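Contents: one structure, followed by commentary.
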Amino acid sequence: MQQALDRLAAGSPRSGGAARALAAVERAFDRVFAAANPWHHLGALGFFFFWIATATGFYLYIFFDTSIDGAYRSVDALTREQWYFGGVMRSLHRHASDAMVVTVALHLVKELASGRYSGFRWFSWLSGVPLLWLLAASGVGGYLLVWDELAQFVAIAVAEWLDALPLFSDPLVRNFVQPGAVNDRLFTLLVFLHVGVPLALLAGMFVHIQRVNYADVTPPRALAWSTFAALLAIAALAPAASHAPADLASAPQALALDWFYLAPLPLIYALSPQAVWWLAAGATLVLALLPFVVRRPVEPVARVDIANCNGCARCFADCPYGAVVMRARAGGRPGRQHAVVIPALCASCGICTGACPSSTPFRSGGRLVTGIDMPQQPIDAVRARLERALGQLTGERRVVLFGCDHGAAVAGCAGPDVAVFSLLCIGMLPPSFIEYALRHGADGVLIATCRRGECAYRLGNSWLDERLAGGREPRLRPSVARERVRLAGAGPGEEAALASALAAFRVALVAMRPNPPRPSSRKRSGLALTQQETG
Ligand code: HEM
Ligand code: SF4
Ligand code: SF4
C-alpha cells in the first residue's frame, strides 16, 4: 500500500498514467487554442473571472434596492429596462461566476493528476481547499439577492441544510416558510454577506499564491480578450433572467437551477441534509489531508557554497518558489550578501544552479564548485559526464541532447552520435554548457523542454528561453552559432515527437559545415580536443 502511495506521490509526470492523459489533453488544447490555451492558465483565469464578477457586481449594486419589496423589482428592472447594459452586466456577472467554478475545478483536477499536492507544495494545496467553500458560498449568496422563486428554494434548502447542525436554537428554515417572516434587515445581511464572502475569497486567493514566485494571475492578452468575447457571446445567447417573484405562501414549482453552484441543493432532498454534510465534510477532509497522507519521497534541497557565491542574487530572482533569500555576509563589507536556501520551501528543481554565474563549465581547477548546487545532481557531475560523452561521441554529426526528468524521456535517443542528459528541470541548464558542448566536439545541441506553459516547476522553460534569447542572466553568448542550438517541446510520453525533432535536427546539421572543436581556455582535461575527426 505504502509503495503504491509512494508511486503516486512520486508524481513524475513521466510515470503516471493520469499525467500522460493530461499531456494528451494539453496537446489537444494546444492544437485548438495555440498561444491562447486556457489549460496553461487555469489559476490566472480563476483570478480573471473573479475580477469580472467583481466589476460587474459593483455596477449591479448601484441599482440594487436592499429591501424585501425592492430587491426583485430592482434586479428585474435592470434586466429588462437596461437590457443593453445592465442586462449584459448581470449576465456577465453570472457567467463569469460560473466560469470561475469550471476553471477552479479543472485547476484542482490538473494539480491532482500531476501529483502537485504534497511535499513543498502542501501549502499551495491546503490553502486552496477553503477557497472551494468560499467560492460556493459567494455564488449561493448571490442567488438569494434576486429574491425570486429560485432564491426562495435556495434559502429554504440552505436553511434546512444548516438546521441539520446543532447551531441555532430556533430552526432557521422557519424564516423562509412563513409569509411576513422575511424583512428588510435580512436583505442588509445578505448584501453584507455577498460582499464579505467574496472579499474573504479574494484574501484567501492571495494567501494561496504566497509561496509561488511570479504567480501567473493574469492570463495572456489573447486569452483574456477571447475569453471576454466568449462571455459576451454567452451573455447574448443566454441572458441571465429572474424567475417569478418569491412567494412564501406557495412552494416554487419548475426551477432552472444553476448547476455550477446549486447542484448540491437537490441532493439535500434526494438524500438528506445530514448525508450532504457527511459528503461535503468528507470530501474536504480527504482533500485537506491528501498532502500529509500521500507523501512524496524527500529530495535533497539546494545547497549554497558561500565561498563560491558572489551575492549576485540571480538564484533569488529565478527561484520559482521563493526558497532563496539573500542575507548579509558575516564580517563582510556593508552591502555584501550571500544566498541562503529555506529547505521547507525548496522544490529541488535546480533552477538556481542554472542561474548561478559560478556554474560555468569553463572554470579551470579540479572540481566545479558552484554557488548553489543540487546534491543529487551536482553541476560538477554534469560537466564530468559531458566531457566523457564528448570524448566518446562518434559519427557524422554529434549531438548533445539535454532534457528534463519531467518531460519526454531522453534515454531512448541515446546513440553513438547522441549523448543524452536528463536534468532535474531544464531551467537547471546553464547556457554556458551549450557553448561548452559546441566548443568541444558537438555539432549541435538539442534541448528538450516540457510543453510550453507546462514546466513541472513553472518557470524552467521561460527562464531558459530568456537566457537563450539574451534577456536574462546568465545569457547564451552572442558568439554561439544559434543554428546549432534547437529547442524541442516534448512533454511526458512524447518520446516519439522528441525522436522526430532529433531526426530533423540531424538533417539540418548535415546541411551545415562540421563544427570543429576549438581550443578551450580550460586546460584541465584536454577533453574533446582529440575529437578532430568530425564527419
Ligand atoms: C479561487 C480558487 C483558486 C484560484 C484563483 C487559484 C489560483 C492559483 C494560481 C494563480 C496559482 C499559481 C499558478 C502559477 O503561477 O503557476 C495557483 C497554484 C496552485 N494551486 Fe490554485 N487556485 C485556486 C484554487 C485551488 C484549489 C482548490 C487547489 C487544490 C485544492 C489549488 C491548488 C494549487 C496548487 C497545488 C498550486 C501550486 C502549483 C505549483 O506549485 O506548480 N488551487 N493557484
Ligand atoms: S546565483 Fe550563485 S552567486 Fe549569485 S547569489 Fe545565488 S548562489 Fe550566489
Ligand atoms: S532548487 Fe528550485 S526551489 Fe530550490 S532553491 Fe533552487 S530554484 Fe529554488
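The values are calculated or read from the model by the stated rules, or taken from the named source; none is laboratory data. For clarity, every value in this text was computed on a predicted model and none was experimentally measured. Using ideal geometry, Cβ is built from the backbone for each residue, glycine included, and neighbour counts are taken over all protein chains shown. Note: areas computed on protein heavy atoms with side chains; ligands, DNA, RNA excluded. Shrake-Rupley method; radii C 1.70, N 1.55, O 1.52, S 1.80 Å.
Observations on the model:
- Among the residues of the stretch 245-264, the ones that are out of contact with any Asp or Glu (no Cβ under 8 Å at 6 or more places or on another chain) and under 16 Å from Leu132 (Cα atoms) come to 4 in all.
- In the set (1) more than 30 Å from Ala36 (Cβ to Cβ); (2) in contact with a Pro (Cβ under 9 Å, 6 or more places away or on another chain); (3) in a helix (DSSP H, G or I), Leu285 fails one condition alone, (2).
- Conditions (1) modelled with pLDDT of 95 or more; (2) closer than 27 Å to Gly87 by Cβ; (3) not in a helix (DSSP H, G or I): number failed by Gly141: (3)
- Residues that are more than 11 Å from the chain's Cα centre (by Cα) and either within 20 Å of Arg116 (Cβ to Cβ) or assigned by TED's automatic domain parsing to the domain that holds Ser462 (or both), drawn from the stretch 196-212: Gly204, Met205, Phe206, Val207, His208, Gln210, Arg211
- Enumeration of residues in the stretch 355-378 that are aliphatic (A, V, I, L, M) and surrounded by fewer than 24 Cβ atoms within 10 Å (Cβ to Cβ): Leu368, Val369
For (1) within 23 Å of His93 (Cα to Cα); (2) more than 14 Å from the chain's Cα centre (by Cα); (3) more than 13 Å from ligand 1 (Cβ to nearest atom); (4) hydroxyl-bearing (Ser, Thr, Tyr), each residue gets a yes or a no:
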{"residue": "Gly17", "(1), (2), (3), (4)": "no, yes, yes, no"}
{"residue": "Glu26", "(1), (2), (3), (4)": "no, no, yes, no"}
{"residue": "Asp30", "(1), (2), (3), (4)": "no, yes, yes, no"}
{"residue": "Phe33", "(1), (2), (3), (4)": "no, yes, yes, no"}
{"residue": "Ala36", "(1), (2), (3), (4)": "yes, yes, yes, no"}
{"residue": "Gly43", "(1), (2), (3), (4)": "yes, no, no, no"}
{"residue": "Phe47", "(1), (2), (3), (4)": "yes, no, no, no"}
{"residue": "Phe58", "(1), (2), (3), (4)": "yes, yes, yes, no"}
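Conditions tested, residue by residue: (1) farther than 30 Å from Val341 by Cβ; (2) of a type in the set (Phe, Trp, Tyr).
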{"site": "Glu160", "(1), (2)": "yes, no"}
{"site": "Asn183", "(1), (2)": "yes, no"}
{"site": "Met205", "(1), (2)": "no, no"}
{"site": "Ile209", "(1), (2)": "no, no"}
{"site": "Phe228", "(1), (2)": "yes, yes"}
{"site": "Ala240", "(1), (2)": "yes, no"}
{"site": "Leu248", "(1), (2)": "yes, no"}
{"site": "Gln253", "(1), (2)": "yes, no"}
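Residue-by-condition table, conditions (1) surrounded by fewer than 21 Cβ atoms within 10 Å (Cβ to Cβ); (2) out of contact with any strand residue (DSSP E or B) (no Cβ under 7 Å at 6 or more places or on another chain); (3) closer than 26 Å to Cys312 by Cβ:
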site	(1), (2), (3)
Gly441	no, yes, no
Gly444	no, no, no
Ala448	no, no, no
Gly453	yes, yes, no
Asn461	no, no, yes
Arg467	no, yes, yes
Arg482	yes, yes, yes
Glu495	yes, yes, no
Val507	yes, yes, no
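- Residues being within 16 Å of ligand 3 (Cβ to nearest atom) and either open to solvent by 40 Å² or more (accessible area, probe 1.4 Å) or charged (D, E, K, R) (or both) - total across the stretch 307-325: 4
- Any pair with Cβ under 8 angstrom, 6 or more apart, that starts in the stretch 296-318 at a residue that is farther than 24 Å from Gly365 by Cβ and ends at one that is at pLDDT 95 or above and aromatic (Phe, Trp, Tyr): Asp318/Trp463
- Residue identified as of a type outside the set (Phe, Trp, Tyr), at pLDDT 95 or above, assigned to a strand (DSSP E or B) and farther than 25 Å from Val212 by Cα among Ala488, Ala448, Ala504: Ala488
- Residue identified as farther than 27 Å from His41 by Cα and crowded, with 18+ Cβ neighbours inside 10 Å among Val298, Val293, Val304: Val304
- Test: residue in the stretch 154-172 that is of a type in the set (Phe, Trp, Tyr), surrounded by fewer than 18 Cβ atoms within 10 Å (Cβ to Cβ) and not assigned by TED's automatic domain parsing to the domain that holds Cys346: yes
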